[in-house]
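Take a look at the structure set out below.
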Amino acid sequence: MGRILPFKKPSAGERHKGNTLCRHGHHKWVLDQSQAFDVKQGRLVNRYRCSRCGATRNRAE
């Protein structure tokens, strides 16, 4: 016998899990370790990435 796969339509909560907060501007910003920092105009510039949707932003600190 073969494997039986459930053909169930995913609910709305399962389809949009973790994405609804980011759509309303509530990102979960984490410091991007691939580019630790960049020096620009004498200030420290860090790169942040959202752990849920992958959006990026740069902040001068």
Check your understanding: Only one of these conditions is not met by residue 61: (1) modelled with pLDDT under 85; (2) open to solvent by less than 100 Å² (accessible area, probe 1.4 Å); (3) of a type in the set (Asp, Glu). Which number is it?
Key -> (2)
Exercise for review: Could you tell me which residue of region 1-33 is least open to solvent (accessible area, probe 1.4 Å), considering only residues that are modelled with pLDDT under 80 and in contact with a Lys or Arg (Cβ under 8 Å, 6 or more places away or on another chain)?
Suggested key: 18
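What number of residues in region 34-58 are touching a Ser or Thr at 6+ places or on another chain (Cβ under 9 Å) and open to solvent by 80 Å² or more (accessible area, probe 1.4 Å)? Break it down into steps so the answer makes sense when it comes.
Of the residues in region 34-58, the ones touching a Ser or Thr at 6+ places or on another chain (Cβ under 9 Å) are 47-50.
Of the ones still in play, those that are also open to solvent by 80 Å² or more (accessible area, probe 1.4 Å) are 49.
Here the count works out to 1.
Find the residue count for region 15-33, including only residues that are of a type outside the set (A, V, I, L, M, F, W, C) and touching a residue at least 12 places away in the same chain (Cβ under 8 Å). Write out each step before concluding.
We begin by selecting, within region 15-33, every residue of a type outside the set (A, V, I, L, M, F, W, C); these are 15-20, 23-28, 32-33.
If we keep only those that are touching a residue at least 12 places away in the same chain (Cβ under 8 Å) too, we end up with 18-19, 27-28, 32.
Of the residues in region 15-33, 5 are of a type outside the set (A, V, I, L, M, F, W, C) and touching a residue at least 12 places away in the same chain (Cβ under 8 Å).
The values are calculated or read from the model by the stated rules, or taken from the named source; none is laboratory data. Please read all numbers here as calculations on a predicted model, not as lab measurements. Reconstructed Cβ throughout: ideal geometry from the backbone, glycine too, with neighbour counts over all protein chains shown. Surface areas here come from the heavy atoms of the whole protein model, side chains and all, with no ligands, DNA or RNA. Shrake-Rupley method; radii C 1.70, N 1.55, O 1.52, S 1.80 Å.
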